[in-house]
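Report on one structure; see the data block that follows.
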Amino acid sequence: MLDTNWQELYKAALFELNPNKVVTRIDAARQAIAQRESRADITELEHRKLADASSILRTLSRVASSSDRAA
């Protein structure tokens, strides 16, 4: 997996407009982030970026699930 793959998947989740696809995009980004975090060669800066991205994806997931219930 490319080191930047998590970033591409993260961006795809953030900018997904189709509510039927957003959960799938979030899951893919979370998986890629977890795989990247498991590597020993990440810098402190990248570790912070991964943590920030994970936090934002959790929030996006909550918003998406509350939107599903409201619909």
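The values are calculated or read from the model by the stated rules, or taken from the named source; none is laboratory data. This is a predicted model, so every value here is computed, not measured. Quick reminder, even Gly has a Cβ in these numbers, built from the backbone with ideal geometry, and neighbours come from all protein chains shown.
Can you find, within the stretch 1-16, the residue that is nearest to ARG36 (Cα to Cα) among those that are hydrophobic (A, V, I, L, M, F, W, C) and modelled with pLDDT of 95 or more?
Filtering first and then ranking leaves TRP6.
What residue, among those in the stretch 19-64 that are of a type in the set (Ser, Thr, Tyr) and surrounded by fewer than 12 Cβ atoms within 10 Å (Cβ to Cβ), is nearest to the chain's Cα centre (by Cα)?
The first filter runs over the stretch 19-64 and keeps only residues of a type in the set (Ser, Thr, Tyr), leaving 24, 38, 43, 54-55, 59, 61.
So of that shortlist, the ones also surrounded by fewer than 12 Cβ atoms within 10 Å (Cβ to Cβ) come out as 38, 43, 55, 59.
On the way: SER38: 15, THR43: 19, SER55: 8, THR59: 10 Å.
My answer is SER55.
State yes or no: is LEU14 in contact with a Lys or Arg (Cβ under 8 Å, 6 or more places away or on another chain), surrounded by 13 or more Cβ atoms within 10 Å (Cβ to Cβ), among the aliphatic types (A, V, I, L, M) and not in a loop (DSSP other than H, G, I, E, B)?
For LEU14, the condition - in contact with a Lys or Arg (Cβ under 8 Å, 6 or more places away or on another chain), surrounded by 13 or more Cβ atoms within 10 Å (Cβ to Cβ), among the aliphatic types (A, V, I, L, M) and not in a loop (DSSP other than H, G, I, E, B) - is not met.
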